[in-house]
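Below you'll find the structure, written out as structure tokens, and then a few comments.
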């Protein structure tokens with residue numbers, strides 16, 4: 001059972017560390033990337049690192065990055081891969097992951113002013129990729145490069161999205177299955193993202209998951225969100241909704257290679273959620289995990 | 001058709017209001033690298049309600065950087081002035097990274113410049129100088145780097161002023177004072193202040 005790191009709940013992480021088995025961190029927040037050509041490129045935060053080392057002595061730390069922008073068409077961020085490789089060696093992360101999306105592009109204003117890393121702009125949100133053969137081809141080469149560079153299995157997380165992309169050639173399940181098969185990566189299956197998408201785009205989450213090859217799932221994400229007019233947002237703002245718990249049971253019973261389930265909460269919502277409810281969330285995750293572990297192979301086959 | 005051109009234009013739909021409005025108008029601008037069909041696809045995207053959600057998330061992400069890194073400055077400005085200044089800042093400076101600190105530092109510079117070009121807000125100079133110093137002290141540094149010490153000059157009693165802003169009370173009649181404080185961060189990152 002894993003919990004994500006946010007500085008706002010450091011005391012919880014230290015005092016209640018018996019309630020979860022590993023800490024998942026977004027490594028990018030532990031450094032400042034000064035941009036291409038800068039020396040040093042990355043300034044690592046000694047204060048935050050000291051906290052991380054203290055946690056590392058208690059439990060495994062898993063890297064879940066946000067900075068790769070693996071789907072960016074204009075360039076591949078190899079410097080980021082090298083930095084992740086260094087951190088994987090440093091922390092011994094058993095696997096590492098990023099998001100199946102892009103956020104870096106060249107926009108005219110950024111290029112004109114030389115902002116960002118060599119005139120790039122950062123959308124600040126995970127932008128959906130077109131599900132096409134061309135995208136698969138671009139991703140496959142990059143994933144292979146990541147796998148060669150970082151000495152741990154690489155996973156990508158299914159994205160949350162609010163629009164259907166023009167030029168999509170396949171559905172999300174087929175895209176994820178093909179990507180894993182052709183590129184050799186695994187999945188962080190974010191069940192709350194699927195729940196969000198199902199509500200916003202109008203499909204059945206269970207049916208969509210039924211089409212995913214669950215042997216590719218290595219990690220599962222849970223989290224909460226909130227309504228915003230007709231939309232439901234993946235805001236990591238509170239407890240996991242009931243339908244997502246049902247999806248978790250469904251997936252745990254059928255995914256043979258899952259190594260961990262992580263509850264994600266944004267630090268700014270911690271005070272509102274409170275220690276007690278966060279703790280209850282972790283307990284419920286462990287109960288679900290234990291149900292899955294306790295199942296005999298025959299029973300699992302029956303569910304499949 | 002260039003995927004890079006498409007991605008760039010799609011990001012602009014989310015981050016660039018003027019471009020979005022152009023794409024929602026009848027006359028779609030010509031975009032290098034995009035076919036007519038691609039441009040039509042983007043035009044259709046510009047009108048999808050879900051795009052407004054993405055835009056809201058993008059703006060929320062940027063605003064959150066300012067609110068969390070410059071809380072007193074934002075509170076002092078109030079919603080209307082903050083919205084106007086943030087909008088002007090964003091129009092000039094696209095989001096360049098995920099980092100909160102960089103954006104907050106750049107916004108602090110923007111406000112400083114705007115103080116010289118017409119922005120009027122009582123006590124802003126003191127509050128902005130204080131929070132700019134905090135940003136400098138919060139900047140990640142390697143273990144080998146020497147911890148910076150920052151001097152901030154106040155024209156008004158800082159204790160009364162900062163407390164009132166922190167409590168959400170519009171500051172009024174703060175006693176004038178000529179105070180200089182030295183700030184530094186300890187090994188745990190906690191910031192301390194002492195009289196210069």
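Among the residues making up the range A:129-156, those that are within 9 Å of chain B (Cβ to nearest Cβ) and buried (at least 19 other Cβ atoms within 10 Å of the Cβ) are A:129, A:130, A:135. Whether any residue in the range A:264-271 is within 19 Å of residue A:197 (Cα to Cα) and either surrounded by 19 or more Cβ atoms within 10 Å (Cβ to Cβ) or at pLDDT 95 or above (or both) is what I want to check. Yes, the range A:264-271 contains a residue that is within 19 Å of residue A:197 (Cα to Cα) and either surrounded by 19 or more Cβ atoms within 10 Å (Cβ to Cβ) or at pLDDT 95 or above (or both). Of all the criteria given as (1) farther than 21 Å from residue A:160 by Cα; (2) part of a helix (DSSP H, G or I); (3) facing chain A (nearest Cβ under 9 Å), the one not satisfied by residue B:105 is (3). In the set (1) in a helix (DSSP H, G or I); (2) in contact with a helix residue (DSSP H, G or I) (Cβ under 9 Å, 6 or more places away or on another chain), the condition left unmet by residue B:79 is number (2). What do you reckon, is residue A:120 within 14 Å of chain B (Cβ to nearest Cβ), modelled with pLDDT under 95, touching a strand residue (DSSP E or B) at 6+ places or on another chain (Cβ under 9 Å) and over 27 Å from residue B:51 (Cβ atoms)? No, not satisfied. Looking at the range A:81-101, can you tell me whether even one residue there is surrounded by fewer than 18 Cβ atoms within 10 Å (Cβ to Cβ), in contact with a helix residue (DSSP H, G or I) (Cβ under 8 Å, 6 or more places away or on another chain), farther than 23 Å from residue B:65 by Cα and within 8 Å of chain B (Cβ to nearest Cβ)? Checked against the condition, which is being surrounded by fewer than 18 Cβ atoms within 10 Å (Cβ to Cβ), in contact with a helix residue (DSSP H, G or I) (Cβ under 8 Å, 6 or more places away or on another chain), farther than 23 Å from residue B:65 by Cα and within 8 Å of chain B (Cβ to nearest Cβ), the range A:81-101 yields no hits at all.
Is it the case, given these coordinates, that residue A:10 is in a helix (DSSP H, G or I), more than 20 Å from residue B:100 (Cβ to Cβ), in contact (Cβ under 8 Å) with a residue 12 or more places away in the chain and out of contact with any strand residue (DSSP E or B) (no Cβ under 7 Å at 6 or more places or on another chain)?
Working: in a helix (DSSP H, G or I): yes; more than 20 Å from residue B:100 (Cβ to Cβ): no; in contact (Cβ under 8 Å) with a residue 12 or more places away in the chain: yes; out of contact with any strand residue (DSSP E or B) (no Cβ under 7 Å at 6 or more places or on another chain): yes.
Considered against the rule, which asks whether it is in a helix (DSSP H, G or I), more than 20 Å from residue B:100 (Cβ to Cβ), in contact (Cβ under 8 Å) with a residue 12 or more places away in the chain and out of contact with any strand residue (DSSP E or B) (no Cβ under 7 Å at 6 or more places or on another chain), residue A:10 comes out as no.
Checked against (1) in contact with a helix residue (DSSP H, G or I) (Cβ under 9 Å, 6 or more places away or on another chain); (2) without any contact (Cβ under 8 Å) to a residue 12 or more places away in the chain, residue A:242 passes all but condition (1). Scanning the range B:121-151 for residues that are away from chain A (no Cβ under 14 Å), without any contact (Cβ under 8 Å) to a residue 60 or more places away in the chain, crowded, with 16+ Cβ neighbours inside 10 Å and within 21 Å of the chain's Cα centre (by Cα) gives B:121, B:123, B:124, B:125, B:126, B:127, B:128, B:129, B:130, B:132, B:133, B:134.
Out of the range B:1-17, which residues are surrounded by 19 or more Cβ atoms within 10 Å (Cβ to Cβ) and facing chain A (nearest Cβ under 8 Å)? Scanning the range B:1-17 gives B:3, B:6, B:7, B:8, B:10, B:11, B:12, B:14, B:15, B:16.
May I ask you to say which residue of B:20, B:59, B:76 is at pLDDT 90 or above, closer than 30 Å to residue B:123 by Cβ and away from chain A (no Cβ under 11 Å)? Walk me through it before giving the result.
Values: B:20 fails: closer than 30 Å to residue B:123 by Cβ; B:59 fails: away from chain A (no Cβ under 11 Å).
Going through B:20, B:59, B:76 in turn, just one is at pLDDT 90 or above, closer than 30 Å to residue B:123 by Cβ and away from chain A (no Cβ under 11 Å): B:76.
For the range B:23-43, the set of residues classified as within 31 Å of the chain's Cα centre (by Cα) and at the interface with chain A (Cβ under 9 Å from one of its Cβ atoms) consists of B:42 only. Of the numbered criteria (1) under 30 Å from residue A:242 (Cα atoms); (2) within 14 Å of chain B (Cβ to nearest Cβ); (3) over 19 Å from the mean Cα position of the chain (by Cα), the one residue A:210 fails is (2). Elements of the type helices (runs of 4 or more DSSP H) sitting completely within the range A:173-272 and holding at least 3 residues that are touching a strand residue (DSSP E or B) at 6+ places or on another chain (Cβ under 7 Å): these cover A:191-201, A:242-252. Looking at the range A:136-160, I want the residues that are farther than 19 Å from residue A:83 by Cβ and have a partner that is modelled with pLDDT under 95 and part of a helix (DSSP H, G or I) with Cβ atoms under 8 Å, at least 6 apart or on another chain. Which pairs are those? What qualifies is A:138/B:3. Out of the residues in the range A:23-34 that are crowded, with 19+ Cβ neighbours inside 10 Å and not in a helix (DSSP H, G or I), which is farthest from the other protein chains (Cβ to nearest Cβ)? Filtering first and then ranking leaves A:23. For residue A:185, the criteria (1) crowded, with 23+ Cβ neighbours inside 10 Å; (2) within 14 Å of another protein chain (Cβ to nearest Cβ); (3) farther than 26 Å from residue A:229 by Cα hold in every case but one, which is (2).
Within the bounds of the range B:87-101, is there any residue that is closer than 30 Å to residue A:232 by Cβ and more than 14 Å from every other protein chain (Cβ to nearest Cβ)? So far as the range B:87-101 goes, yes, one or more of its residues are closer than 30 Å to residue A:232 by Cβ and more than 14 Å from every other protein chain (Cβ to nearest Cβ).
Please tell me if residue A:228 is surrounded by 22 or more Cβ atoms within 10 Å (Cβ to Cβ) and either touching a helix residue (DSSP H, G or I) at 6+ places or on another chain (Cβ under 8 Å) or within 26 Å of residue A:93 (Cα to Cα) (or both). If you could, list the steps in order and put the result at the bottom.
Numbers: surrounded by 22 or more Cβ atoms within 10 Å (Cβ to Cβ): no; either touching a helix residue (DSSP H, G or I) at 6+ places or on another chain (Cβ under 8 Å) or within 26 Å of residue A:93 (Cα to Cα) (or both): yes.
It is false that residue A:228 is surrounded by 22 or more Cβ atoms within 10 Å (Cβ to Cβ) and either touching a helix residue (DSSP H, G or I) at 6+ places or on another chain (Cβ under 8 Å) or within 26 Å of residue A:93 (Cα to Cα) (or both).
The values are calculated or read from the model by the stated rules, or taken from the named source; none is laboratory data. Everything quoted here is computed from the prediction, not taken from an experiment. In this analysis, Cβ positions are derived from the backbone assuming ideal geometry, glycine residues included, and neighbour counts consider all displayed protein chains.
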